[in-house]
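Any read-out appearing in this document is the output of simple, stated calculations on the displayed coordinates, not a laboratory observation. Since the structure is predicted, the reported quantities are computational estimates derived from the model, not experimental observations. As a convention, Cβ positions derive from the backbone with ideal geometry for all residues, glycine included, and neighbour counts pool all protein chains shown.
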Amino acid sequence: MSQRRMIVAISGASGAIYGIRLLEALRTVGVETHLIVSDAAGRTIHEETGLTVSAVRALADVCYSNQDIGAAIASGSFRTDGMIVAPCSIKSASEIACGITSSLLSRAADVILKERRRLVLMLRETPLHLGHLRTLTQLAEMGAIVAPPVPAFYMKPETLSDVVNHSVGRVLDLFDIEAGLVSRWQQGRPDA
């Protein structure tokens, strides 16, 4: 695989801006993106950002219907660097943990895990009950990285974009992708 390639999924949890910003950042650094938007995410995108699903899809290189379980990204032979679900709902996390592959989102995530590629879930639900915590433990044991977008305040964010950028940048760090979004900690203080 000569060009880096990433699957991005946006589920219906609050926080659609994380998936949108992720697509923008990956485009900026030249990573090919393959996008899945769940039905619930379509509603959340509109309610939280005012954007249309079409506008969000325009940020990706390739888009798939969540019902298309025969899509290229549903096969292990389709090589990618991995997959990020941003945001990730408990429903999506639960389907992935249990191997329920009735949607392209859960099927693609299952393929990523079986191929031992990196799967990052930006879980966006709280508070968590014991069943949720057990699901997250199961996902971690399967090889997924559970990375809730918890803001870091050491970089003294001034805007919501600062908070979103830092969380997205930290997730991209997990793939060794530098998008210039993270204020790095150095000798007791963040970069200026």
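Taking 0.36 nm per residue of sequence separation and removing the Cα-Cα distance, the ARG184/THR49 pair yields an extension gain of 45.8 nm.
The phi-based Karplus calculation (6.51 cos²θ - 1.76 cosθ + 1.60; θ = phi - 60°) puts the 3J(HN,Hα) values of the stretch 42-56 at x, 5, 5, 4, 5, 5, 8, 10, x, 7, 8, 4, 4, 5, 5 Hz, whole numbers, x for Gly and Pro.
Taking ILE84, ILE100, ILE73 as the candidate residues, the one with maximal mean-square fluctuation in a Gaussian network model of the chain, Cα springs under 10 Å, is ILE100.
Only sites in a loop by DSSP and with at most 14 other Cβ atoms within 10 Å count here; which chymotrypsin sites (Phe, Trp or Tyr not before Pro) in the stretch 119-192 make the cut? Walk me through the numbers on the way to the answer.
Working: sites: PHE153, TYR154, PHE175, TRP185; in loops: PHE153, TYR154, PHE175.
Passing sites in the stretch 119-192 are PHE153, TYR154.
Taking Cα atoms only, the orientation of helix 160-173 departs from the longest principal axis of the chain by about 60 degrees.
Need one number: % antiparallel among DSSP beta bridges in the stretch 44-192, to the nearest 5. Numbers along the way, then the final one.
Working: 2 of 9 bridges.
Of those bridges, close to 20 percent are antiparallel.
Between the entries (1) -0.37, -0.54, -1.38; (2) -0.57, -0.74, -1.18; (3) -0.59, -0.81, -1.30, the label attached to log10 I(q)/I(0) by the Debye sum over Cα atoms at q = 0.10, 0.12, 0.19 Å⁻¹ calculated for this structure is (1). For CYS88, nonlocal amide neighbours, meaning residues 5 or more places apart or on other chains whose placed amide H falls under 5 Å from its own, are MET122, LEU123, ARG124. Note on the chain: with a GNM built from Cα contacts shorter than 10 Å, the maximum mean-square fluctuation among LEU160, LEU123, LEU22 falls on LEU160. Once R0 is set to 25 Å, what does the formula 1/(1 + (r/R0)^6) return for the Cβ-Cβ distance between LYS156 and GLU24, expressed as a FRET efficiency to the nearest 0.05? That pair, LYS156 with GLU24, gives E of 0.65.
So what is the relative contact order for the chain, in percent, with contacts set as C-alpha pairs under 8 Å and at least six apart?
Reported as a whole number, the value is 21 percent.
Could you list the trypsin sites (Lys or Arg not before Pro) in the stretch 1-86 that lie in coil according to DSSP, counting only those with at most 12 other Cβ atoms within 10 Å of their Cβ?
On the way: sites: ARG4, ARG5, ARG21, ARG27, ARG43, ARG57, ARG79; in loops: ARG4, ARG79.
Passing sites in the stretch 1-86 are ARG79.
Entry note, the chain: the mean residue ellipticity at 222 nm calculated from DSSP H runs of n ≥ 4, each adding -39500 (n - 2.57), is -12000 deg cm²/dmol after division by the residues and rounding to the nearest 500. Which distance in Å, rounded to a whole number, links the C-alpha centroids of the stretch 1-16 and the stretch 123-192? Computed from Cα coordinates, the inter-centre distance equals 15 Å.
Residues considered: LEU181, LEU133, LEU35. Largest GNM mean-square fluctuation over the chain, using C-alpha springs under 10 Å, is found at LEU133.
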